[in-house]
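Read the structure below first, then the notes.
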Amino acid sequence: MEKGKGVMGSGRRWAVDFSDNSTAPSSRDIPDPPGFTRASVDQDDSAVSRQKKDAESNWKAQKAWEVAQAPFKNLLMMGFMMWMAGSTVHLFSIGITFSALWQPISALQGVGKVFEPYKDNKVDLLGPKLLFIALNLGGLALGVWKLNTLGLLPTHASDWVSSLPPAQEVEYSGGGIPL
Amino acid sequence: MPITHAFLLFFIFSSLQPTLSLYEDQVGLTDWHQQYIGKVKQAVFHTHKTGRKRVVVSTEDNVIATLDLRRGEIFWRHVLGHNDVVDGIVIALGKYVITLSSEGSILRAWNLPDGQMVWESSLHGPKHSKSLLVMTNVVIEKDNVVIIFSNGRLHAVSCIDGEVLWNKDFEVESLKVQKVIQPPGSNFVYVVGFAASSHFEMYQINAKNGELLKHESAAFSGGFSGEVSLVSSETLVALDSTGLILLRIRFHKGNVSIQQTPISNLVEDSLGPAVIIPSSIMELFAIKINAVTIFIRVTGTGKLEVVEKANHETAVGDALSISEGQQAFGLVQHAGRDIHLTVKLAHDWGGDLLKESIKMDQQRGLVHKVFINNYVRTDGSYGFRALIVMEDHSLLLLQQGAIVWSREDGLASIIDVTTSELPVERAGVSVAKVELNLFEWLKGHMLKLKGTLMLASPEDIAAIQYMRLKSSEKSKMTRDHNGFRKLLIALTRAGKLFALHTGDGRIVWSLLLQSLHKSEACQHPIGLNLCPWQVPHHHALDENPSVLVVGRCGPSSDAPGVISFVDSYTGKELSSSSLVHSVAQVIPLPYTDSTEQRLHLLIDADKHAHLYPKTPEAIGIFQREFSNIYWYSVEDDNGIIKGYALKSKCDGTVADKFCFGSRELWSIVLPSESEKIIATVTRKLNEAVHTQAKLIAADQDVMYKYISRNLLFVATVAPKASGEIGSVTPEESWLVVYLIDTVTGFVLHRVTHHGSQGPVEAVFSENWVVYHYFNLRAHRYEMSVIEIYDQSWADNKDVWKLVVGKHNLTSPISSYSRSEVVTKSQSYFFTHSLKAIAVTSTAKGITSKQLLIGTIGDQVLALDKRFLDPRRSVNPTQAEREEGIIPLTDSLPIIPQSYITHNLRVEGLRGIITVPAKLESTTLVFAHGLDLFFTHFAPSRTYDSLTEDFSCALLLITIVVLVAAIFVTWVLSQRKELQDKWR
């Protein structure tokens, strides 16, 4: 809308394109200013940028490890919440349990996405990814354990027999006090 | 903790404090209550005063009631105890009803307008005798006197305060007093009777002080028999012991004379002995020879002459003085489908005061009793109304040739009840009679909506309430989704079947069973049992369901039986037959044939089993299961329980392939000097059990219920203690309870309650039995529970085996193979004594159970089974609490809100029947006694349906409004956006 306004209001008079960094001076009408060589810029930068890139990849690796460790805090918090929720089935405990189950699952689904910003051919993401997955699986296990303590998993004999109908009887006997 | 349990916990939480009570405006929505009085024995009209015209009646069910003569409604009613039989009623001083009851030993006066008791006095005498109640016009010191002969003594009692003014004993030892007569306008009474069967005794007694004025006696060698008829205040008619000679006994002025007239002199073709119909009509009496009623006039000179021979069934009413010296009496005769009511003057047979012909419903049978009453018409002439009692115990008021009202008092004596489904609603079947039109439907919903939004005026609220109560939905004649609409089929003592609609309690059809009708072959038919015979579902839906009625000719157990099949939709008798064998037991078998007819075994007194229906198909099914069918009999008089298997042939009788002999397998002989059987109870055959597993939440364990149809609960007491409570000391009384497998005779459990006494009321369901008895040591009633668990399955606990299905839990089981049971039991004090006990039953057996207790106050109390859990402990753990175990208390609570009869009483409560509805949460409860009560009951509240006051209209309107709002805001936002874009 701002853009539209600008167009409507004043119209474009002039514009400067700073992004032009082509090396061929011949393509330009205007000669380069004196003392300015295009090639030297690139040559000077290459050392700096390599340094920069190293720092960046270090930073990325560090970040990736940080991200990979993030579920641990989550895990602790979840554990605390679960302890608070108690072992009876009600709205609060069910909500917590299901969020505890859902968070790791959604995190696991988006493992690639989480580590996308830190993707670099120099950075080894396998370690952080594995840690991330392991921690999330730990969270999932915690959620399942909680589910079980709530009695929502069929891990007892009673879960399997309660739906069984009573057994048929072979004999039949009737009678009573004579009418 | 298991899944199902966790969800169950939801229900438990939501119903932790179950509020079973209902709101005031919910009364009458699903429940109905009908009041009856039973078969009327005596009726006294009270129509003199200008107030409400009424009739006072006493009935065979020991009820004293006054009925409104206009509509037949009950003004007030008193139900006396079951051994307090009413002997006579009179109205005294125009404001008291005086009743003599309890074999003439209790005299009570009730205030006529409101039924309050004014006084009561007890009368004692030297010996047991006939009880007579005579209202006199004798006045002693301003007290009106009523004279009573009871227990061999003559009493004069003041009407004002019930004080006994004088009494008189009679010296003749064997005197059987027949009548007490007060001649009009005199101050003395005649007491007449027979002594030593051949003497006629007459006492003349001064009514003022009981002084004997005269005593005469006359001997008659032929003896006397039966009743007497009074033909004047000083003349009696009786029959000799052979029933062939009429005796006219005159005791005028103290001189007794007996005049004999052989009946053959009066009636040429008289066959067999006659019976006198007791009456007291001036100069007239009636006798009955076989089915012929003969009216005989006694002229002033003592001559007897026959005035009429009536071949039709005739009922004669008592005399009614209509004016000075004139007596009228009523006579009802049957003529085809009509009855003729005739009112005649006593001295003038030819002149009928009234002759009316009334069309009578054939299902009411014969007229048994007539009571007439007169009123003065506007033109000064006499009009008559007649109250008649029919064979089916119904009571009708006839006036001006029409039935003014009728009461179905046969329903006061229900013997057995069963239910039947209604027809399925089909396109062709028209049920539109009760449908509403669209406008009314809309109007109704608008009113309801107004009520929900609290905009309704008081008139609207009244209209809403009326609509809810009269909802056509509940009284339709078709099946509904929830299974609330059914037919209750009831067999009454009069041998009549009634089908009541569960929606509003109206009588859909009624049938006086011909097979239970008195006939030459069957003199005293009685109905015994009512079973569902054919319950079509699945493939046999085109057939109508039917019921089987089993009866017997006579009270003895070897009297031949009668059976009858009745269509439950139409109420027509499909077929009936008199059986050659007797009926001692009726055993419905768990097998049906291709037309869904259930196989039944009728056991006769000779222990032969007869199979019904008598079809080759039935015998085929029966032969297949032959070796697995057993039966048992409990001989409660000699304390023996016997079990039998069947033999392939009847022995001794002619070849009958539907008859099977019995072979005794086992017997349990209880020592007669220490134990007497007082109660037995079994599980209901059709009870649905959802699961065999009982989950113990505390240690996440499973126990397996011992679920068997072949279990019998037997309670015995010490023979000394079988009487009234308190008649024995705690040391010499005990109660022993057995659980017996009826196939093998194996006693699974036995427990003795020392110092306890009957009566025992028990109910058996699933794997538990609850019984009620009296604890003499604690001086309180107790209720005990026994739960039975199967130990032999207890090792089925490996989850993986269960997951892959490697278990033996669903394989068929035999009574011969298992014996390991564990029982858990517990006793609790209970405040009330009981009249009946039942348990709720639901369609799938998932819903938790509640006990329905018929209290001594004739109400039905619901008590959660959880209160009778043997696992209750003083301090239940958290897990146990979650499971719903209530901390132990020594007595069971009575929560006033859990009376399912709310403020009503089911007088004379005898039975409670529970029928599952299709909706799992709901059970239909029918309580019967003198009154009938029906209601829907949800033991864990209606968790599977919306409540009745849920407004569908409000929901719909909310949805519509929301959708409209979404649409409107969407349009608005579009417009706004467009405007913004153009700016």
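Here, each number is a calculation from the coordinates, and none is a lab measurement. Predicted model, so just to flag it, every value in this text is computed and none were measured. A quick note on method: Cβ atoms are made from the backbone with ideal geometry, for glycine too, and the neighbour counts reach across all protein chains shown.
Tabulated values for the structure
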read-out	value
Reachable aspartates and glutamates from B:Lys303, criterion Cα separation under 19 angstrom, eight or more residues apart if same chain	B:Glu234, B:Asp240, B:Glu268, B:Glu283, B:Asp348
In the range B:588-634, trypsin sites (Lys or Arg not before Pro) in a DSSP loop with at most 14 other beta-carbon atoms within 10 Å	B:Lys614
Environment charge at B:Ser102 (Cβ cut-off 9 Å; Lys +1, Arg +1, Asp -1, Glu -1)	-3
Residue order, fewest to most beta carbons within 10 Å, for B:Lys694, A:Lys119	A:Lys119, B:Lys694
Under 15 Å, Cβ to Cβ, from B:Gln34 - net charge with Lys/Arg +1 and Asp/Glu -1	-3
Simple Cβ-charge dipole of the range B:541-675, Lys/Arg +1 and Asp/Glu -1, about Cα centre, in debye nearest 20	380
Rotationally averaged projected area of the range B:386-426 (alpha carbon convex hull; nm²)	5.1
C-alpha center-to-center spacing [the range A:78-126, the range B:745-786] in angstrom	58
Entries in B:Lys95/B:Lys142; A:Lys73/A:Lys129; B:Lys41/B:Lys288; B:Lys720/B:Lys824; A:Lys60/A:Lys113 that, when Cα-Cα distance is taken, lie over 26 Å	B:Lys720/B:Lys824
Residue order, fewest to most beta carbons within 10 Å, for B:Tyr375, B:Tyr773, B:Tyr899	B:Tyr375, B:Tyr899, B:Tyr773
Cβ-defined net charge surrounding B:Ile788, 10 Å radius [Lys, Arg +1; Asp, Glu -1]	-1
Radius of gyration and maximum dimension Dmax of the range B:865-983, Cα, Å	26.8, 87
Neighbour cut-off at most 16 other Cβ (10 Å), DSSP loop, chymotrypsin sites (Phe, Trp or Tyr not before Pro), the range B:463-521	none
Note, ³J(HN,Hα) from phi for the range B:668-680, Karplus 6.51, -1.76, 1.60, rounded to Hz, x at Gly and Pro	10, 9, 8, x, 5, 7, 10, 9, 9, 6, 10, 8, 9
Selection of GluC sites (Glu not before Pro), the range B:293-379, meeting DSSP coil and at most 14 other Cβ within 10 Å	B:Glu324
Rg/Rh for the range B:76-141, where both radii come from Cα atoms and Rh is the Kirkwood radius	0.97
The protein assembly as shown - Debye-derived log10 I(q)/I(0), Cα point model, q = 0.08 Å⁻¹	-1.08
Spatially proximal lysines relative to B:Lys614 (Cα-Cα < 17 Å; intrachain offsets below 8 disregarded)	B:Lys649, B:Lys657
Normalised contact order of the range B:367-512, rounded percent, pairs of Cα under 8 Å and 6 or more residues apart	20
Helix runs (DSSP H) in chain B reaching 20 Å along axis by Cα, Kyte-Doolittle at least 1.0	B:952-982
24 Å Cα-Cα threshold exceeded, pairs from B:Lys496/B:Lys518; B:Lys684/B:Lys849; B:Lys518/B:Lys647; B:Lys309/B:Lys369	B:Lys518/B:Lys647
Listed residues B:Phe75, B:Gln974, B:Gly330: farthest to the positive end of the dipole of the protein assembly as shown (Cβ charges)	B:Gln974
Estimated distance in nm for a label pair at B:Gln259 and B:Lys288, the labels positioned 7 Å out from Cα along Cα-to-Cβ	2.7
Free-standing Cys, chain B [no other Cys Cβ under 4.7 Å]	B:Cys159, B:Cys531, B:Cys952
Pairs from B:Lys127/B:Lys253; B:Lys359/B:Lys474; B:Lys443/B:Lys474; B:Lys168/B:Lys253; B:Lys642/B:Lys676 whose Cα-Cα separation, in the structure shown, is over 23 Å	B:Lys127/B:Lys253; B:Lys359/B:Lys474
Fraction of alpha-carbon pairs over 19 Å apart in the range B:232-381 - percent	56
Per residue convex hull volume, Cα atoms of the range B:779-932, in Å³	182
Karplus-derived 3J(HN,Hα), 6.51/-1.76/1.60, for each residue of the range B:380-387, Hz, glycine and proline x	x, 7, 8, x, 10, 10, 10, 9
Chain B, relative contact order [Cα under 8 Å, separation at least 6], %	7
Least to most buried among B:Leu511, B:Leu748, B:Leu956 (fewest other Cβ within 10 Å first)	B:Leu956, B:Leu748, B:Leu511
Chain B, Cα convex hull volume normalised per residue, Å³	255
The protein assembly as shown, helix-only ellipticity at 222 nm - DSSP H runs n ≥ 4, -39,500 (n - 2.57), divided by all residues, nearest 500	-5500 deg cm²/dmol
Global geometry of the range B:658-764, whether rounded, prolate or oblate, following the gyration tensor of its Cα atoms and the 1.5 cut on a/c	oblate
